[in-house]
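The values are calculated or read from the model by the stated rules, or taken from the named source; none is laboratory data. For clarity, every value in this text was computed on a predicted model and none was experimentally measured. Cβ atoms come from the backbone with ideal geometry, glycine included; neighbour counts cover every protein chain shown.
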Amino acid sequence: MRTKLGDRAPSTPSKFALGVIGMGVAFLLFLPMAGGTGKTSPAIAVFFLMALYFFSVGIGTSTAGVLARFYSPAHEVPYFGISGAVTIVVGLIVLSLVPWIRGRMEGVH
């Protein structure tokens with residue numbers, strides 16, 4: 001698509017700015033869910049579950065760092081192909097667990 005635009009294609013700084021704005025929007029999408037931890041947990045466990053949430057973010061960041069070591073411009077297709085396939089499989093597993101999880105949420109929508 002970008003080659004079809006020719007001279008009208010956005011510049012690299014413009015694309016970078018749009019990417020940063022997209023990340024900002026992605027972070028803002030978490031705001032409605034920020035208080036969700038307290039809704040699904042006993043009052044005594046809220047702090048523990050918030051810590052667990054931040055721990056999971058740290059694990060995700062660490063995993064991204066580990067996976068980045070395997071990236072090579074010569075092997076881009078397998079790197080992104082395997083990463084995408086594994087992510088889709090994990091998503092499908094989580095999707096299959098939705099009824100089980102919802103059954104244990106006891107009235108929380």
For Gly19: the one exception among (1) surrounded by 11 or more Cβ atoms within 10 Å (Cβ to Cβ); (2) modelled with pLDDT of 80 or more; (3) small (Gly, Ala, Ser): (1)
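Kindly evaluate Phe48 against the criterion of being at pLDDT 90 or above and either within 25 Å of Arg104 (Cβ to Cβ) or in contact with a Ser or Thr (Cβ under 7 Å, 6 or more places away or on another chain) (or both).
Considered against the rule, which asks whether it is at pLDDT 90 or above and either within 25 Å of Arg104 (Cβ to Cβ) or in contact with a Ser or Thr (Cβ under 7 Å, 6 or more places away or on another chain) (or both), Phe48 comes out as no.
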Residues being loosely packed, with under 10 Cβ neighbours inside 10 Å and not aliphatic (A, V, I, L, M) - total across segment 62-96: 5
Segment 6-33, subset within 14 Å of the chain's Cα centre (by Cα) and small (Gly, Ala, Ser), residue nearest to Tyr53 (Cα to Cα): Ala26
Pair list, Cβ under 7 Å, 6 or more apart: segment 45-59 residue on the phi < 0 side of the Ramachandran plot, other residue in a helix (DSSP H, G or I) and of a type in the set (Val, Ile, Thr): Val46/Thr37; Leu49/Thr37; Met50/Thr37; Tyr53/Thr37
